Amino acid sequence: MLTKDKTSHARRLRKEQTKAESRAWWLLRNRNLVDFKFRRQHPIEPFFADFCCPELKLIIELEGSVHSQPSVMKADANRDEFLKAEGYSVAHFSNGIVLKAPEEFVAKVRRLCEELRSKKI
């Protein structure tokens with residue numbers, strides 16, 4: 001259940017987004033990718049997905065250098081395992097691809113969306 005505290009936390013995460021998150025949101029919002037709606041900092045108890053397309057159960061996670069630390073890698077793996085058990089597909093992208101090659105980021109996310117859409121049909 002989404003509590004008032006979780007909603008406040010999601011709002012704060014949206015306001016305090018990184019440059020890469022801001023750029024990715026600009027690319028993903030308003031059904032820009034094959035007509036699928038994405039949400040940012042979407043709560044999936046007990047986590048928050050950077051970007052989520054609920055219709056496809058697709059989660060897009062952006063990662064900076066902190067994600068290469070062993071403790072963070074382990075936490076990320078546990079989180080992915082939980083989300084996959086809930087039926088989500090999780091795709092990880094480096095901040096660099098969003099900032100330096102946004103067209104490549106969009107093409108990869110579009111392919112993921114199309115693959116998942118074709119599996120639903």
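The values are calculated or read from the model by the stated rules, or taken from the named source; none is laboratory data. Bear in mind the structure is a predicted one, so any value in this text is a computation, not a measurement. Counting neighbours? That spans all protein chains shown, and the Cβs are built from the backbone with ideal geometry, glycine included. Surface areas here come from the heavy atoms of the whole protein model, side chains and all, with no ligands, DNA or RNA. Shrake-Rupley method; radii C 1.70, N 1.55, O 1.52, S 1.80 Å.
For segment 31-121, the pair-distance distribution built from all alpha carbon pairs, in bins 5 Å wide starting at 0, is 3, 13, 24, 25, 20, 12, 3, 0 percent. Listed cross-link partners Lys19/Lys119; Lys74/Lys100; Lys19/Lys84; Lys74/Lys120; Lys84/Lys108 are compared with a 24 Å cut-off, the Cα-Cα value being larger for Lys19/Lys119; Lys74/Lys100; Lys19/Lys84; Lys74/Lys120.
Accessible area per residue was computed with a 1.4 Å probe on protein heavy atoms; Phe82 scores about 70 Å². Placing dummy labels 7 Å off each Cα toward the beta-carbon, the span from Arg31 to Lys100 is 3.5 nm.
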